[in-house]
Amino acid sequence: MQYRELIKGEEKLSVLGYGCMRFPQTNGKINEEETEKQILYAIKEGINYFDTAYPYHGGKSEVVLGNILEKHNMREDVYIADKMPSYLVRTDKDIEKFFNTQLERLKTNYIDYYLMHTLDSLAAWERLKKFGMIEYIEKWKKEGKIKHIGFSFHGRIEEFKKIVDDYDWEFCQIQYNYLDENYQAGTEGLEYAYAKGLGVIIMEPLRGGSLSSNVPDKVKKRFENYSKDRSPAEWALKWLWNQEEVSVILSGMNVLDHVKENMRVASETHPNSLKEEEIEVIDDVKEIYKELMKVPCTGCNYCMPCPFGVDIPGAFSAYNDKYFFDDKMAGFKYVGFSSGITGGKESGANLCKACGKCEKVCPQHIKIIEELKNVDKELDSKLMRFGIKVFKKIKRI
Ligand code: SF4
Ligand code: SF4
């Protein structure tokens, strides 16, 4: 494992951070046994940065991480990053309540890296300041309850710069990967924050997994043209670690093989080590993706649950798949999974009532209502949906 200083002169963090947003699950619940195995393996192999947040896994991510570290007496062996759920703060008392809950859940009395979660504008930060956020975090820092202060960001580059300039942050966390160079903070934001002395943590390095799994044939071919042994995930991670401004990359690894594979790449890639022809491969792949992608959904699930039952990320994933793979069966598959034929609830784009709840929280600022109409138009078959309804009735599903 390689280590880089996130904040100049401070502790060295493993370049691969463990994202606790996507722990392995069984029947919709965290599989604690499997999670424990993976976390212990990761620590043994040198990962020392664990990133969680108040809402991950409905509040259970902090709890499970805290339990594992306590059980193995490993709290001192790792750095924990956690986040104030900014969007839930309504009064100054909320701030204290959330923070104390987090310490309790994590079974610790300090958090190493504490972030304002998912700020999208200076206004969002101003709102927190009105509740006395600065006074709270600085007090906690003085008391040793917080070691470093930062923010995570999903918004436009102009707003990112304003937030960076508004406070003496030590670090920030941005979405960044080879498809998002000009999206949200992007390369400009990365370089801006770095030049101002902030450490930069990277989230969504594989764009919610879309850069590693279900990779379009055209992309695969371009990669394989260069080397048959390098996976698409490896290309995406190498592209990031090649940049000296990047310190820690967070990866939500829910399969042990992913942990192992990412750790191998992490130990092999150094800043400015990619050859010119390798950069060219990535440039070609970017172009291919741009031609194929319909909706920039990362599958983060912030928009869920929809009060009317729409599986929003599922709809966009099916929609993108149709274009990534030129899949003629995409509509058939989509109606199949969204009609609840196997016993689940219906979850198709056709259920959208345009209430707007999801659009307010989507960090990618996707026009969800409009895009769902496109999904409905291009993927849905009313005849097939009707047929499935009749079938379900007969079979009493
Ligand atoms: S706008 Fe549509 S998809 Fe979004 S929350 Fe409302 S009903 Fe659900
Ligand atoms: S639509 Fe937006 S909020 Fe919902 S999963 Fe996709 S990126 Fe996340």
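The values are calculated or read from the model by the stated rules, or taken from the named source; none is laboratory data. For clarity, every value in this text was computed on a predicted model and none was experimentally measured. FYI the Cβ positions are ideal-geometry reconstructions off the backbone, even for glycines, and counts take in every protein chain you see.
Summary table below
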item: Positions within segment 118-147 being modelled with pLDDT of 95 or more, part of a strand (DSSP E or B) and either outside the structural domain of Met21 (by TED's automatic domain parsing) or surrounded by 20 or more Cβ atoms within 10 Å (Cβ to Cβ) (or both), in sequence order; result: Ile146
item: Residue in segment 299-313 that is assigned to a helix (DSSP H, G or I), of a type in the set (Val, Ile, Thr) and surrounded by 14 or more Cβ atoms within 10 Å (Cβ to Cβ) present; result: yes
item: Residue in segment 70-77 that is touching a Lys or Arg at 6+ places or on another chain (Cβ under 8 Å), in the same structural domain as Ile249 (by TED's automatic domain parsing) and over 24 Å from Phe171 (Cα atoms) present; result: yes
item: Criterion (more than 16 Å from ligand 2 (Cβ to nearest atom), closer than 30 Å to Lys44 by Cα and either within 23 Å of the chain's Cα centre (by Cα) or not small (Gly, Ala, Ser) (or both)) met by exactly one of Leu292, Leu256; result: Leu256
item: Residue among Asn301, Asn320, Asn262 that alone is more than 10 Å from ligand 2 (Cβ to nearest atom), under 19 Å from the mean Cα position of the chain (by Cα) and not assigned by TED's automatic domain parsing to the domain that holds Met21; result: Asn320
item: Index of the failed condition, Ser121 passing every other in (1) under 26 Å from Glu70 (Cβ atoms); (2) touching a Gly at 6+ places or on another chain (Cβ under 9 Å); result: (1)
item: Some residue of segment 80-89 being in a helix (DSSP H, G or I) and at pLDDT 95 or above; result: no
item: Qualifying residue in segment 243-252 (condition: modelled with pLDDT under 90, away from ligand 2 (no atom under 16 Å from the Cβ) and either buried (at least 19 other Cβ atoms within 10 Å of the Cβ) or among the small types (Gly, Ala, Ser) (or both)); result: yes
item: Which listed residue, of Lys322, Lys345, is buried (at least 16 other Cβ atoms within 10 Å of the Cβ) and either in contact (Cβ under 8 Å) with a residue 12 or more places away in the chain or not in a helix (DSSP H, G or I) (or both); result: Lys322
item: Flag if Gly199 is within 16 Å of ligand 2 (Cβ to nearest atom) and either surrounded by fewer than 19 Cβ atoms within 10 Å (Cβ to Cβ) or among the small types (Gly, Ala, Ser) (or both); result: no
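Here is a yes/no grid of residues against (1) modelled with pLDDT of 90 or more; (2) surrounded by 19 or more Cβ atoms within 10 Å (Cβ to Cβ); (3) more than 21 Å from Gly208 (Cβ to Cβ); (4) within 15 Å of ligand 1 (Cβ to nearest atom):
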{"residue": "Phe332", "(1), (2), (3), (4)": "no, no, yes, no"}
{"residue": "Cys355", "(1), (2), (3), (4)": "yes, no, yes, yes"}
{"residue": "Glu359", "(1), (2), (3), (4)": "yes, no, no, yes"}
{"residue": "Gln364", "(1), (2), (3), (4)": "no, yes, no, yes"}
